[in-house]
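Working notes, structure below.
The values are calculated or read from the model by the stated rules, or taken from the named source; none is laboratory data. Bear in mind that the values here come from a model prediction, so they are computed numbers and not experimental data. For neighbour counting, all protein chains shown are included, and Cβ atoms are generated from backbone atoms with ideal geometry for every residue, glycine included.
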Amino acid sequence: MSDYAIIAENLTYYYGNLIAVDHIDFKVARGEILGFLGPNGAGKTTTINILTGQMKPKGGRAILLGIDVAEDVKKVKGDIGVCFETINLYEQMTAIENLNLFARLFGIKSFDVSALLNRVGLGGRGKDRVETYSKGMKQRLMVARSIVNQPQILFLDEPTAGLDPTSSLAIHNIIIQERNRGATVFLTTHDMVEADKLSDRVAFMNQGKIVALDTPLNLKQQYGKRALTAKVLMSGGRLEDREIALDTADTPGSIKELFANEKIVTVHSKEATLEDIFIKITGRGLIE
Amino acid sequence: MNIHIIGILISKDLSLFFRKRAILLLTLMGFIFYLVIYFVMPSTVDENLEIGLYSPVPLPIFNQVEEEGLEISPLESEELLKEAVLDGSYVAGISIPADVVEKLDSKQKPVISLYFTPDAPQELKDAMETIVRELVFMQTGHPLAFEVSEEILGQDLTGTPIPPRDRLRPLLAIFILMMEILGLSNLISEEIERRTARALLVTPATVTDIFVAKSIFGIGLAFIQAVLIMTIIGGMNKQPLIVLISLLLGAELATGISFLISARARDFMSVLAWSVPFLIILIIPSFTILFPGAVTGWIKIIPTYYLVDTVHRAVNFGSGWGDIWINLLILFGFTVVIFYAGLYMLRRKFR
């Protein structure tokens, strides 16, 4: 049995002349959470579609749990769960009916639907039609549906986009619980804080290519700048910001000068965010 | 193909279908409306014969026979008489030649023309000839030697008189089948546009499973409704096997058209927009049963003509396999082509 749940080898896909996934290679270990980051149109969803067997790659291979997806997608379908970017529930059905339908499709005979609904905070609304739910509730139900078969690999495509903090937190908890259960999680998101908090490793995708892949800490150490930020009191009671880059030859002198010459109100250390690093690597922001 | 999964998908479609209030209301209202129409239509043929008469010479006796079940109305010209018969104002027309007196005087046989509606039965034609001879006898007091010429205006659909409500049977069957296009198209287009089909495809369900389930669901729903209404209105009393096969092919045809519409439509309004032209065209042949004189050759390019004509002949005339096998064969051909065209288009959309 391979140590890797997901292996992408030279994976390629193009729409006409437009290359969406450009010969990418990566591996995701079993039980790992991989954050897959990139702006709209970077190729994240196309990559998920290939990995989950919804699209056949134009080149390369996608291997899930040791099985080439393009050759035998049926074999892996029972072991994966997918939460789509757009809500695609049967809205005229209740939450319980939605979950039961998918459980039956996965061939699950005995299934505690109430427990799953409780996990996503929908315990009291299971018998209501989905069309009466808020966006956050629908998204939590989407996540519940994706884990109905207790998948070995969980694909989550922007699961918290546009949600309130409570719903986002509920979904974060589910992701962590699933990882703790032993599932591998492939997570695409725009939320850098979410990616930083949840991911064991993050991959930056830009224009169809993976431009960086490492743990958030390593990326920050490799690409990020640490700094000291201070608010200083100026004449007339006005506040101004001061920033001193750390880890340079001038740093000690600059700090000494700051404390000697300015009236400091607050002082903090500052780390680079994943977004800073993404911009540094690609020259573009995540949300464009 | 997984039978278990197909069963789950069919039950899901059934459940969703009955939760769509607009579609359910349309289906139920249609069903009730068709039955009401059927039962309010006269169940017997009007036995009072309305006959048009063109006579350049005065024949008073022709105006004195109304109490005997004949209503004879004079018309001013032979052309007007023909038009009136053709548009169904009269079941028959009598045209007396202008030279009738001269010919009788010179011992020649005048020719009295009788005009009939296209579906006038032979009994009526025979009766009309007898009536004319009787009236002439009553007018002159002795039998006269004259010839009778019969002319059918429009296409001749000789047969037994059919009560108006029985003429509705094929029309109602086709209405039920074709209205199902709306419901099924909406169900499928929603599945695509709301991307629920994608959610199904990441489970062990395959595209084939989904298509087989949709086909069974669509054909089954349309077929069961059509059979139900035909049973209630007595459409299964004659040649039930032929009627069942026709309805099954009709249901498959409707499902194929639903696939075609679903491949193009995005929401309920676009389903309506695409369906209405299809419905209008497909329902046209059923009116040929109500108004037989309107049949023209081009109508045979509409697939439902063969469905309507088969059901009409089997239900109202008891026609057997020998009479309608060509119809069924052509209907089968149309159905196969349209069904697979629909499948092909929908598969492309799924990709």
key: Selected residue (criterion: surrounded by the fewest Cβ atoms within 10 Å (Cβ to Cβ)) from residues of segment A:243-268 that are farther than 27 Å from A:Phe278 by Cα and of a type in the set (Asp, Glu)   = A:Glu257
query = Which of the residues spanning segment B:2-29 are under 10 Å from B:Ala213 (Cα atoms) and loosely packed, with under 15 Cβ neighbours inside 10 Å?
reply = B:Ile3, B:Gly7, B:Ser11
Matching residues in segment A:244-267 - criterion: being in contact with a strand residue (DSSP E or B) (Cβ under 8 Å, 6 or more places away or on another chain) and assigned to a loop (DSSP other than H, G, I, E, B) = A:Leu246, A:Glu262
request  = Count, please, the residues in segment A:91-114 that happen to be in contact with a Gly (Cβ under 9 Å, 6 or more places away or on another chain) and among the hydrophobic types (A, V, I, L, M, F, W, C).
outcome  = 5
note = Taking segment A:51-78 and keeping residues of a type in the set (Asp, Glu) and away from chain B (no Cβ under 14 Å) leaves A:Asp68, A:Glu71
task = Please give the number of the condition A:Ile279 fails out of (1) under 29 Å from A:Asp191 (Cβ atoms); (2) without any contact (Cβ under 8 Å) to a residue 24 or more places away in the chain; (3) not in a helix (DSSP H, G or I).
result = (3)
ask   = Which one of the conditions (1) within 20 Å of A:Asn100 (Cβ to Cβ); (2) more than 11 Å from every other protein chain (Cβ to nearest Cβ); (3) not in a helix (DSSP H, G or I) does B:Phe217 fail to meet, given that it meets all the rest?
value = (3)
query = Within the bounds of segment A:112-124, is there any residue that is crowded, with 17+ Cβ neighbours inside 10 Å and at the interface with chain B (Cβ under 8 Å from one of its Cβ atoms)?
reply = no
remark   = Given (1) within 14 Å of chain A (Cβ to nearest Cβ); (2) buried (at least 21 other Cβ atoms within 10 Å of the Cβ); (3) not hydroxyl-bearing (Ser, Thr, Tyr), B:Arg194 misses just (2)
Residues that are in a loop (DSSP other than H, G, I, E, B), at pLDDT below 75 and out of contact with any Phe, Trp or Tyr (no Cβ under 7 Å at 6 or more places or on another chain), drawn from segment B:132-159 = B:Gly141, B:His142, B:Leu144, B:Ala145, B:Gly154, B:Gln155, B:Asp156, B:Leu157, B:Thr158
note = Taking segment A:79-92 and the residues there that are more than 22 Å from the chain's Cα centre (by Cα) and at the interface with chain B (Cβ under 7 Å from one of its Cβ atoms), the one that is nearest to B:Ile10 (Cα to Cα) would be A:Tyr90
key: Restricting segment A:125-135 to residues that are basic (Lys, Arg) and surrounded by 14 or more Cβ atoms within 10 Å (Cβ to Cβ), the residue that is nearest to B:Lys20 (Cα to Cα)   = A:Arg129
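Looking at B:Lys103, B:Lys82, which is the one that is part of a helix (DSSP H, G or I), surrounded by 13 or more Cβ atoms within 10 Å (Cβ to Cβ) and modelled with pLDDT of 85 or more?
On the way: B:Lys103 fails: modelled with pLDDT of 85 or more.
After applying the criteria, what remains is B:Lys82.
Being touching a helix residue (DSSP H, G or I) at 6+ places or on another chain (Cβ under 8 Å) and either of a type in the set (S, T, N, Q) or facing chain B (nearest Cβ under 7 Å) (or both) is the filter here, so list the residues in segment A:94-106 that pass it.
Step one: list which residues in segment A:94-106 are touching a helix residue (DSSP H, G or I) at 6+ places or on another chain (Cβ under 8 Å), which gives A:94-105.
Correct list: A:Thr94, A:Asn98, A:Asn100, A:Leu101, A:Phe102, A:Arg104, A:Leu105.
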task = For segment A:185-204, state whether one or more residues are modelled with pLDDT under 85, surrounded by 13 or more Cβ atoms within 10 Å (Cβ to Cβ) and in a helix (DSSP H, G or I).
result = yes
key: Matching entry among B:Ser275, B:Ser258, B:Ser246, B:Ser270 (being over 16 Å from B:Asn186 (Cβ atoms), in contact (Cβ under 8 Å) with a residue 12 or more places away in the chain, in a helix (DSSP H, G or I) and among the hydroxyl-bearing types (Ser, Thr, Tyr))   = B:Ser246
message = Kindly evaluate A:Glu131 against the criterion of being over 30 Å from A:Lys109 (Cβ atoms) and of a type in the set (Asp, Glu).
response = no
inquiry  = Please determine whether any residue of segment B:285-298 is modelled with pLDDT under 90, out of contact with any strand residue (DSSP E or B) (no Cβ under 9 Å at 6 or more places or on another chain), under 28 Å from B:Leu346 (Cβ atoms) and part of a helix (DSSP H, G or I).
reply    = yes
message = Considering only residues that are surrounded by fewer than 13 Cβ atoms within 10 Å (Cβ to Cβ), modelled with pLDDT under 85 and assigned to a strand (DSSP E or B), which ones fall in segment A:213-242?
response = none
